[in-house]
Amino acid sequence: MNYASWPVRVGAALVDAIPAVILSGLGYLIAGPSADDPTIGPLYYVFALLSLVYTVYNRWYLGGQGASLGKKALGVRLLKEQTGQPLGFGGAFVRDICHIVDTIICYIGYLFPLWDAKRQTLADKITGSLVVKA
């Protein structure tokens, strides 16, 4: 199997994050420190909700089908190691939760693909997922 390289995985993650960051940033720019102001504050929460909806759709729905927008853009797919099939919504959600393990050890888990034979993060190992070239 042709595993995705670490730079490609990072690139896909950045592409995935850009719309969510833009939506959150717009909400902050509009509401700023006046998020408690009843005339402006709701806009902040609307943009925050849009950012969350985008993340759920992109990372868990599309990612569960095999490729988030970032993965599609960089030509990689997210698959179950045992079956070679997409993870599904729940599997993609659990994988994201398992990224907590990658994070709590000073982000070292995200570097595992640099030396791992299957180029997996710890979250990938826990959930039995692979990121492969499409």
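Just one of the numbered conditions (1) under 20 Å from residue 10 (Cα atoms); (2) open to solvent by less than 80 Å² (accessible area, probe 1.4 Å); (3) in contact with a helix residue (DSSP H, G or I) (Cβ under 6 Å, 6 or more places away or on another chain) is not true of residue 105: (3).
With respect to being open to solvent by less than 50 Å² (accessible area, probe 1.4 Å), at pLDDT 95 or above and touching a Ser or Thr at 6+ places or on another chain (Cβ under 9 Å), residue 4 falls outside the description. Annotation: of all residues in region 18-46 being touching a Gly at 6+ places or on another chain (Cβ under 8 Å) and within 26 Å of residue 60 (Cα to Cα), the one that is modelled with the highest pLDDT is 46. Against the condition among the hydrophobic types (A, V, I, L, M, F, W, C) and within 18 Å of residue 16 (Cα to Cα), how does residue 101 come out, does it pass? So residue 101 fails the test. In region 112-134, of all residues being touching a residue at least 12 places away in the same chain (Cβ under 8 Å) and among the aliphatic types (A, V, I, L, M), the one that is nearest to residue 73 (Cα to Cα) corresponds to 134. Given the condition crowded, with 19+ Cβ neighbours inside 10 Å and free of Cβ contacts under 8 Å to residues at least 12 places away in the same chain, answer yes or no: does some residue in region 51-65 qualify? Checked against the condition, which is being crowded, with 19+ Cβ neighbours inside 10 Å and free of Cβ contacts under 8 Å to residues at least 12 places away in the same chain, region 51-65 yields at least one hit. Annotation: residue 82 fulfils all but one of (1) surrounded by 13 or more Cβ atoms within 10 Å (Cβ to Cβ); (2) under 18 Å from residue 1 (Cβ atoms); the unmet one is (1).
The values are calculated or read from the model by the stated rules, or taken from the named source; none is laboratory data. Predicted model only: the values in this text are computed from it and were never measured. Note: ideal-geometry Cβ built from the backbone for every residue, glycine included; neighbour counts use all protein chains shown. Remember, those area values only see protein heavy atoms, side chains included, never the ligands or the DNA or RNA. Shrake-Rupley method; radii C 1.70, N 1.55, O 1.52, S 1.80 Å.
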